[in-house]
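The values are calculated or read from the model by the stated rules, or taken from the named source; none is laboratory data. Worth saying up front: this structure is predicted, and the values here are computed from it rather than measured. FYI the Cβ positions are ideal-geometry reconstructions off the backbone, even for glycines, and counts take in every protein chain you see. Surface accessibility is based on the protein's heavy atoms, side chains included, excluding ligands, DNA and RNA. Shrake-Rupley method; radii C 1.70, N 1.55, O 1.52, S 1.80 Å.
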Amino acid sequence: MKPLMLHGHERSITQIKYNRDGDLLFSSAKDNHPCVWYSINGERLGTYEGHQGVVWAIDVDWETKRFMSGAGDNMLMIWDVQTGKALGKIEAKTSVRTCNFSYSGNMALYSTDSTMGNPSEIFIIDVRTVDSSFSTNDPILQIPLTNAPKATSMVWGNLDEVVISGHDNGDLAQWDLRTGKKINLVSEHAKSINDMQLSKDGGFLITASRDCTAKLFDADTLDCLKTYKTERPVNSAAISPILDHVVLGGGQDAMDVTTTSTRVGKFDARFFHLVFEEEFGRVKGHFGPINSLAFHPDGKTYASGGEDGYVRLHQFDPSYFDFKFDY
Amino acid sequence: MPVADNEVKSSWADDVEDIDGLGLPPNTEEYKNGLKIITEYGLDDDNRKFKVVRTYKIEKRYVAKAIAQRKSWPKFGLSKEDKPGPNPATTIVSEDVSMQFITNKEDPDNKEDDPLMKLKSMQKGVVKCRICKEDHWTTQCPYKDTLLPVQEALNKAEEKKVGPPPAAAAAGGPQAKGGKEGSAYVAPALRDGGNRKGETMAMGRRTDEGCTVRVTNLSENARDSDLNDLFGKIGEISRIFLSKDKNTGQSRGFAFVSYKRKEDAERAIKTLNGFGYDHLILTVEWSKPSGTQ
């Protein structure tokens with residue numbers, strides 16, 4: 001396959017996401033302008049200018065009308081996807097580390113970092129109307145995680161009634177939105193959870209952790225179903241929408257890099273079989289650890305964003321679709 | 001996905017007109033047979049003209065209405081000035097990579113370690129360090145500084161016990177001297193095993209008397225001590241001359257070994273000619289072409 005390298009960011013990529021139809025790919029990086037690209041040919045549509053810090057997380061609603069980004073300048077901003085205009089913003093006490101639109105697009109959640117004096121908090125907000133008064137609206141729900149490890153990754157759960165959070169110490173928690181209480185807590189990972197993604201139907205959840213494994217959970221009960229082991233911290237994982245495959249991307253902490261060979265393009269995305277937990281393929285190409293992975297909704301292409309600042313769009317060869325795992 | 005090809009640097013400079021002051025023809029955009037061909041000219045770092053031809057395939061695809069509408073949105077932000085189609089600064093076609101399939105039986109990292117492991121196990125018998133007995137040359141030993149003096153002290157202690165009585169008195173002198181001050185310098189002539197009269201050119205000639213063999217095809221890691229080891233097993237060596245590069249100290253590939261007895265030299269040729277040492281096969285022969293045989 002001849003991947004397309006998208007070079008829109010000068011610093012490392014923090015997150016990439018496809019919209020629901022798959023024709024647009026959004027990317028955010030440690031520079032302050034998230035980009036949007038046409039996934040079919042890698043053409044850049046535009047950038048969202050306004051943030052003044054690292055953009056940690058992004059999300060787009062299901063209609064591809066609004067785009068949300070959370071950054072290190074303590075701002076959560078909502079933009080019009082088409083024009084790049086900022087519709088509204090919310091100022092938080094600390095960096096906004098995660099942001100997600102709900103399935104319906106009527107609510108959104110975001111979480112903040114914990115610093116001295118401020119615990120990490122989870123906010124649920126109403127986004128039906130976003131305008132200049134947006135910043136003054138009260139959140140629907142605010143959950144401070146006082147004396148608890150900070151939330152590093154979040155996803156919306158079943159029917160927008162539940163949110164699932166991944167924490168700095170490897171815990172997974174489920175929160176009921178009507179009561180605001182934690183209804184489930186699972187401690188399967190030993191170290192921080194870097195990324196969580198749902199499967200296409202929302203039945204599974206895959207978590208990528210610094211403890212060098214990725215785990216597959218049932219999204220409702222948080223039972224750990226499968227574990228995918230590697231030798232490097234896993235920064236991101238995604239589930240294929242059409243096949244029984246998962247892809248893991250990771251790398252090493254910066255300080256370890258000097259002890260390994262620095263051959264160009266050595267960092268790879270690893271493909272595991274969902275059920276058998278065994279690795280069956282690798283795709284090299286990145287010059288730095290992979291920070292974010294996403295499958296195209298049709299499962300025929302995937303994108304990876306790395307520490308090197310490049311987003312690589314790969315279209316699978318027929319050999320990938322013909323590959324039969326021997327068992 | 002549409003494909004873009006890059007071709008660079010064709011020699012056309014003669015047939016193209018000089019249009020603008022820089023001496024570069026204008027960039028062109030052509031549409032031909034469903035292909036868009038963009039030709040750009042420029043000057044590279046050495047002030048040479050170059051031409052880049054990019055070919056884009058224009059495809060027509062049928063997609064959902066919403067997707068088609070989005071494709072016609074005007075660009076914004078940093079891409080506002082971009083023309084339709086991918087901007088080469090932001091979108092680059094990367095080199096071919098293919099998914100490396102791994103069968104479930106193979107250990108994924110095995111590919112890299114395997115040849116190294118094979119070499120290691122093969123080489124184990126050939127090169128052996130005298131200090132730590134591992135498979136490297138003595139001079140390359142990581143424990144050269146620490147273990148070597150210990151070994152030498154041990155050897156000296158042995159020699160003291162086993163050494164011939166007449167030599168003991170003479171040897172006792174300089175050794176005691178050395179022993180007293182620990183590591184005091186002892187002149188070569190006064191050291192144990194040294195020729196007290198001193199070596200002169202005339203005296204030195206003795207070694208050339210038909211007991212000298214020429215060794216060629218030595219590896220660059222070979223050192224005097226290694227030759228001593230290897231050839232010393234055949235018989236008593238009177239002199240070794242190993243040609244070395246002045247700066248690096250590495251062997252130039254040949255050496256002259258002089259034995260005390262001619263029979264030893266003969267035996268050396270018989271046994272060591274064709275001997276595999278390091279990664280090369282040695283050639284051992286009489287040092288003069290007209291050598292006695």
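Things worth noting here:
- Yes/no for A:Y310 being under 22 Å from A:Q15 (Cβ atoms), open to solvent by less than 10 Å² (accessible area, probe 1.4 Å), touching a residue at least 40 places away in the same chain (Cβ under 8 Å) and more than 8 Å from every other protein chain (Cβ to nearest Cβ): no
- Residue within region B:61-82 that is within 25 Å of A:Q82 (Cβ to Cβ), among the polar types (S, T, N, Q) and at the interface with chain A (Cβ under 7 Å from one of its Cβ atoms) present: yes
- Filter result for A:H33 (open to solvent by 10 Å² or more (accessible area, probe 1.4 Å) and not in a strand (DSSP E or B)): yes
- Residue-level analysis places B:N247 among those that are modelled with pLDDT under 85 and not charged (D, E, K, R).
- Subset tally (residues that are exposed (fewer than 14 other Cβ atoms within 10 Å of the Cβ), of a type in the set (A, V, I, L, M, F, W, C) and in contact with a strand residue (DSSP E or B) (Cβ under 9 Å, 6 or more places away or on another chain)) for region B:20-67: 4
- Verdict on A:G22 being farther than 27 Å from B:V97 by Cα and within 12 Å of chain B (Cβ to nearest Cβ): no
- Which numbered condition A:G288 fails, given (1) away from chain B (no Cβ under 14 Å); (2) at pLDDT below 90; (3) exposed (fewer than 14 other Cβ atoms within 10 Å of the Cβ): (3)
- The listed residue being among the polar types (S, T, N, Q), in a loop (DSSP other than H, G, I, E, B) and under 15 Å from A:V163 (Cβ atoms), out of A:S104, A:S111: A:S104
- The single residue among A:F272, A:F316, A:F267 that is of a type in the set (F, W, Y) and within 18 Å of A:I13 (Cβ to Cβ) turns out to be A:F267.
- Residues of region A:150-171 classified as open to solvent by less than 10 Å² (accessible area, probe 1.4 Å) and either touching a Cys at 6+ places or on another chain (Cβ under 9 Å) or in a loop (DSSP other than H, G, I, E, B) (or both), total: 2
- Checking the stated criteria, B:G232 turns out to be under 30 Å from the mean Cα position of the chain (by Cα), at pLDDT 85 or above, closer than 26 Å to B:P149 by Cα and open to solvent by less than 50 Å² (accessible area, probe 1.4 Å).
- Residue in region A:66-87 that is among the acidic types (D, E) and within 13 Å of another protein chain (Cβ to nearest Cβ) present: yes
- Just so you know, in region A:36-65 the residues that are open to solvent by 10 Å² or more (accessible area, probe 1.4 Å) and outside any loop (DSSP other than H, G, I, E, B) include one that is farthest from the other protein chains (Cβ to nearest Cβ), and it is A:W56.
- Matching residues in region A:257-280 - criterion: being assigned to a loop (DSSP other than H, G, I, E, B) and either at pLDDT 85 or above or small (G, A, S) (or both): A:S261, A:G265, A:L274, A:V275, A:F276, A:E277, A:E278
- Complete set of residues in region A:118-149 that are exposed (fewer than 14 other Cβ atoms within 10 Å of the Cβ) and either assigned to a strand (DSSP E or B) or among the aromatic types (F, W, Y) (or both): A:Q142
- Taking strands (runs of 3 or more DSSP E) as the structural unit, those lying wholly within region A:204-243 and holding at least 1 residues that are among the charged types (D, E, K, R) correspond to A:213-218, A:224-229.
- Within region A:96-117, considering residues that are surrounded by fewer than 20 Cβ atoms within 10 Å (Cβ to Cβ) and either under 24 Å from A:M196 (Cα atoms) or among the charged types (D, E, K, R) (or both), the one farthest from the other protein chains (Cβ to nearest Cβ): A:T115
- One residue alone among A:R210, A:R232, A:R178 is buried (at least 18 other Cβ atoms within 10 Å of the Cβ) and more than 30 Å from A:Y327 (Cβ to Cβ), and that residue is A:R210.
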